[in-house]
Amino acid sequence: MKPLTADRCQKVIMYTFFAVLACIAFFVLYTGRNQLSVSLLPGEPSTLNEGWYSCSAGGEQTFQTLPARIEAESDGIYRLYRYYDSVNYDRYLSVYTHHQKLRVYIDDTLIYSYEPTILPDWLQTYRAFYHIIEIPKDLDGQLCLETVPLVKSSAGEYAEVLTGDNARILNHILKDRWYKLLAGLLLLFVGIVYIGIGIPFSIYTKSLSSSQILGALILITGLWQLEESRALQLILGSQPLHWSFEYILPLCIPFVAFRFIQSIVGEKRKVPMMILFVIDLTGVLLQVILQLTGLVPFTNSVFITYILYVITFLFSVVLINRELTFISKKINYLFVISMIVGLILFVLHSFGIVKSVIADACLMFGLILIFFSLSVAVYQRTIARFEELKTTEMYRKLAMIDIATGAGSRSAWYNFLDTYEDNETCTDEYCLIMFDMNNLKKINDTYGHQTGDKVLAAFYNFLRKAFNSDGKIYRVGGDEFICLCTKSSRQKIERMLATFDSYVEEQSSVPNAFSAAYGTAYFVPHTKKDFKLAQDEADKRMYECKQAMKSGRI
């Protein structure tokens, strides 16, 4: 039996607490199951589907039960009629139009008109809308719903009509497509989270991360499903914006999905990725051309988009599964099965093989399965990339540090020079100091290289303590160091050099004392060449100092 540690006690208490809360919730739900339900948007509206009639071009009346498709009258306009009783309070009608103009009359009184101006002219498809129409109280008479189709497929089409107060109608609209609303909100939230998670990684790598691209893919899908739920219409009235959400966002999905797969497989699968790109591009261009030329509106060519989705996600199943090494075979199987089940559900719904609320719910479940599977792939990719970056960063840091002393390495110095950006307007005076430690060879020959390394470390420590944070120190040779001061006055540099000299004179930490020669060069850097000239000048003065020390002049 495992010992009862403090951590285990916390977990036991926490799980027990959750279990108690769950029991309380189930008990309250059971005992209160017969209570009246209270909703923020209460009640259901009444349907107004019976009692309608239409007139044919010859004037013959035909009784209709909604939803229905009717014939046009002699003037080419589609009209539905019924008698509408007056009430002593304001009532509302909900009329759904599918790419149609709409006028609503009571007798000869026009009470509502929706006649969008389609701009630009070639745009044949201009969204479907719920119209919430207020019927003034104490008004009765012959109710007429008059529609003019914006696309041929919507001619004479009439959906269910609702009547009641405003809140009940809105409640019905939201409840009718609640699963799309829920899925859209969930995908929107997850997409934003994924984009946020990927920001630090992308800043580090200076490129979009897989999680950010997946986040964008989920976000676009979420907006699309929110539009499909009709919930956005309750807060946004812009017809062009709704049209864009309905038709343009789905066209973006294949390309974002392609970019996501590319971020996973990299440059390893160029041929299949090129094939996928050509397929996506061809499909999207075909739909756009059909729309622009007026041959087929997006409503009639949307099946092409669904085909692109199926092809794209099939590619993702194969390519991602081949590219990634999953944590275990179970996770690998879960990824493949989830993607395949999601695609099957998507196909059944999108191509009309199954039509019902259950089919819509299956579509949402399929999308969630697909994105769950892709999230697993992103997790795998992120972990692998993170390990690669850690290894790369470790070697990069090692290359930039002199192991023996801790100073910046010769590579770090030349990397600084290579990455320096020319600045013709610079006015700051820099100081480059070349140091050379005397007697290193003698110390190595006498006491060995381990002792020599200790002496080098002591030399660097003297420099570090003398210049503190005012100078960046690099070891550029066996016993040669460069100190670059960028924001120190000449007086302060002289004081720091004097401090360094005092450390050298008072040294007691090494068995064989060393001395140091150095030379300085003051300059204003405008280009990389100025550093090279300053280094040559400081090296020359350091050599002069060294010669003077040998001759006893210093």
Practice item. With respect to residue 233, determine if the residue is in a helix (DSSP H, G or I) and in contact with a strand residue (DSSP E or B) (Cβ under 8 Å, 6 or more places away or on another chain). Key: yes
Point to revise | Residue list for region 285-330, restricted to those being modelled with pLDDT under 70 and surrounded by 14 or more Cβ atoms within 10 Å (Cβ to Cβ) | key: 323, 324, 326
Review point. In a loop (DSSP other than H, G, I, E, B), modelled with pLDDT of 90 or more and open to solvent by 10 Å² or more (accessible area, probe 1.4 Å), is that true of residue 146?
Key: no
Practice item. Hey, could you check region 267-281 for residues that are surrounded by 12 or more Cβ atoms within 10 Å (Cβ to Cβ) and within 14 Å of residue 254 (Cα to Cα) and say which is modelled with the lowest pLDDT? Key: 273
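Only one of 179, 194, 130 is under 25 Å from residue 51 (Cα atoms) and either surrounded by fewer than 21 Cβ atoms within 10 Å (Cβ to Cβ) or hydroxyl-bearing (Ser, Thr, Tyr) (or both); which? Quick ask: steps written out before the conclusion?
Values: 179 fails: under 25 Å from residue 51 (Cα atoms); 194 fails: under 25 Å from residue 51 (Cα atoms).
So the residue among 179, 194, 130 that is under 25 Å from residue 51 (Cα atoms) and either surrounded by fewer than 21 Cβ atoms within 10 Å (Cβ to Cβ) or hydroxyl-bearing (Ser, Thr, Tyr) (or both) is 130.
When you check residue 462 against the structure, is it without any contact (Cβ under 8 Å) to a residue 40 or more places away in the chain and surrounded by 15 or more Cβ atoms within 10 Å (Cβ to Cβ), yes or no? Spell out how you get there, then give the answer.
Values: without any contact (Cβ under 8 Å) to a residue 40 or more places away in the chain: no; surrounded by 15 or more Cβ atoms within 10 Å (Cβ to Cβ): yes.
Spelling it out, it is not the case that residue 462 is without any contact (Cβ under 8 Å) to a residue 40 or more places away in the chain and surrounded by 15 or more Cβ atoms within 10 Å (Cβ to Cβ).
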Review point. Has region 507-526 got at least one residue that is open to solvent by less than 20 Å² (accessible area, probe 1.4 Å) and over 18 Å from residue 436 (Cβ atoms)?
Key: yes
Review point. Can you name every residue in region 242-253 that is surrounded by 19 or more Cβ atoms within 10 Å (Cβ to Cβ) and free of Cβ contacts under 8 Å to residues at least 24 places away in the same chain?
Key: 245
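Only residues that are open to solvent by 60 Å² or more (accessible area, probe 1.4 Å) and closer than 22 Å to residue 420 by Cα: list them for region 465-479, please. Explain how you work it out, then say what you get.
Pass one, region 465-479, residues open to solvent by 60 Å² or more (accessible area, probe 1.4 Å): 465, 468-469, 472.
Of everything in region 465-479, those that are open to solvent by 60 Å² or more (accessible area, probe 1.4 Å) and closer than 22 Å to residue 420 by Cα turn out to be 469, 472.
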Review point. Of all residues in region 428-439 being under 11 Å from residue 486 (Cα atoms) and open to solvent by 10 Å² or more (accessible area, probe 1.4 Å), which is nearest to the chain's Cα centre (by Cα)?
Key: 428
Review point. How many residues, within region 391-407, are in a loop (DSSP other than H, G, I, E, B) and either modelled with pLDDT of 85 or more or more than 24 Å from residue 449 (Cβ to Cβ) (or both)?
Key: 1
**Study point:** Residue list for region 71-104, filter: of a type in the set (A, V, I, L, M), in contact with a strand residue (DSSP E or B) (Cβ under 8 Å, 6 or more places away or on another chain) and more than 25 Å from residue 230 (Cα to Cα)
**Key:** 72, 77
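Is region 443-466 home to any residue that is of a type in the set (Val, Ile, Thr), touching a Gly at 6+ places or on another chain (Cβ under 7 Å) and over 30 Å from residue 426 (Cα atoms)?
Taking region 443-466 and keeping what is of a type in the set (Val, Ile, Thr), we get 443, 446, 451, 455.
From what's left, touching a Gly at 6+ places or on another chain (Cβ under 7 Å): 443.
Retained after the next criterion (residues that are over 30 Å from residue 426 (Cα atoms)): 443.
Scanning region 443-466, I find at least one residue that is of a type in the set (Val, Ile, Thr), touching a Gly at 6+ places or on another chain (Cβ under 7 Å) and over 30 Å from residue 426 (Cα atoms), so the answer is yes.
Residue by residue, here is whether (1) modelled with pLDDT of 75 or more; (2) among the hydrophobic types (A, V, I, L, M, F, W, C); (3) not in a helix (DSSP H, G or I) holds:
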| residue | (1), (2), (3) |
| --- | --- |
| 112 | yes, no, yes |
| 121 | no, no, yes |
| 125 | no, no, yes |
| 129 | yes, yes, yes |
| 134 | yes, no, yes |
| 167 | no, yes, no |
| 180 | yes, no, no |
| 186 | yes, yes, no |
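May I ask you to list the residues in region 68-110 that are among the β-branched types (Val, Ile, Thr), assigned to a strand (DSSP E or B) and in contact (Cβ under 8 Å) with a residue 40 or more places away in the chain? Full working, then the answer.
Of all residues in region 68-110, those among the β-branched types (Val, Ile, Thr) come to 70, 77, 87, 95, 97, 104, 106, 109.
In the following step, the residues that additionally are assigned to a strand (DSSP E or B) were identified as 95, 97, 104, 106, 109.
Listed by number, the residues that qualify are 95, 97, 104.
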Review point. When region 142-153 is examined, which residues are found to be touching a helix residue (DSSP H, G or I) at 6+ places or on another chain (Cβ under 8 Å) and not β-branched (Val, Ile, Thr)?
Key: 153
Review point. Hey, among the residues in region 188-241 that are of a type in the set (Phe, Trp, Tyr) and more than 30 Å from residue 116 (Cα to Cα), which one's modelled with the highest pLDDT?
Key: 189
Practice item. Kindly provide the set of residues from region 221-240 that are surrounded by fewer than 20 Cβ atoms within 10 Å (Cβ to Cβ) and more than 25 Å from residue 166 (Cβ to Cβ), ordered by number. Key: 223, 240
Check your understanding: Which one of these is in a helix (DSSP H, G or I), within 15 Å of the chain's Cα centre (by Cα) and under 23 Å from residue 173 (Cα atoms): 253, 261, 220?
Key -> 220
Practice item. Give me a count of the residues in region 408-448 that are farther than 24 Å from residue 500 by Cα and in a helix (DSSP H, G or I). Key: 10
Study note, to complete from the structure: Within region 203-220, residues of a type outside the set (S, T, N, Q), on the phi < 0 side of the Ramachandran plot and open to solvent by 40 Å² or more (accessible area, probe 1.4 Å) come out as 203, 204, 208, 219
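What's the total number of residues in region 527-538 that are open to solvent by less than 60 Å² (accessible area, probe 1.4 Å) and closer than 20 Å to residue 475 by Cβ?
Initial filter on region 527-538 (open to solvent by less than 60 Å² (accessible area, probe 1.4 Å)): 527, 530-531, 534-535, 538.
Then keep just the ones that are closer than 20 Å to residue 475 by Cβ; that gives 531, 534-535, 538.
Total meeting the criteria: 4.
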Practice item. Can you give me the number of residues within region 254-311 that are in contact (Cβ under 8 Å) with a residue 60 or more places away in the chain and of a type in the set (S, T, N, Q)? Key: 5
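Looking only at region 63-89, count how many residues are open to solvent by 70 Å² or more (accessible area, probe 1.4 Å) and of a type outside the set (Phe, Trp, Tyr). Reasoning before the result, please.
Of all residues in region 63-89, those open to solvent by 70 Å² or more (accessible area, probe 1.4 Å) come to 63, 65, 67, 69, 71, 74-75, 83, 85, 88-89.
Adding the requirement that they be of a type outside the set (Phe, Trp, Tyr) leaves 65, 67, 69, 71, 74-75, 85, 88.
Total satisfying the criteria: 8.
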Revision key, fill the gap. In region 545-554, anything surrounded by 14 or more Cβ atoms within 10 Å (Cβ to Cβ) and free of Cβ contacts under 8 Å to residues at least 40 places away in the same chain is listed as 545
Exercise for review: State yes or no: is residue 412 among the small types (Gly, Ala, Ser) and either modelled with pLDDT under 85 or loosely packed, with under 13 Cβ neighbours inside 10 Å (or both)?
Suggested key: no
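The values are calculated or read from the model by the stated rules, or taken from the named source; none is laboratory data. Here the structure is a predicted model, which means the values were calculated and not measured. Methodologically, a virtual Cβ is constructed for each residue, glycine included, from the backbone with ideal geometry; neighbour enumeration extends over all protein chains shown. The protein model used for the area step is the full one, side chains on, heavy atoms only, and it has no ligands, DNA or RNA in it. Shrake-Rupley method; radii C 1.70, N 1.55, O 1.52, S 1.80 Å.
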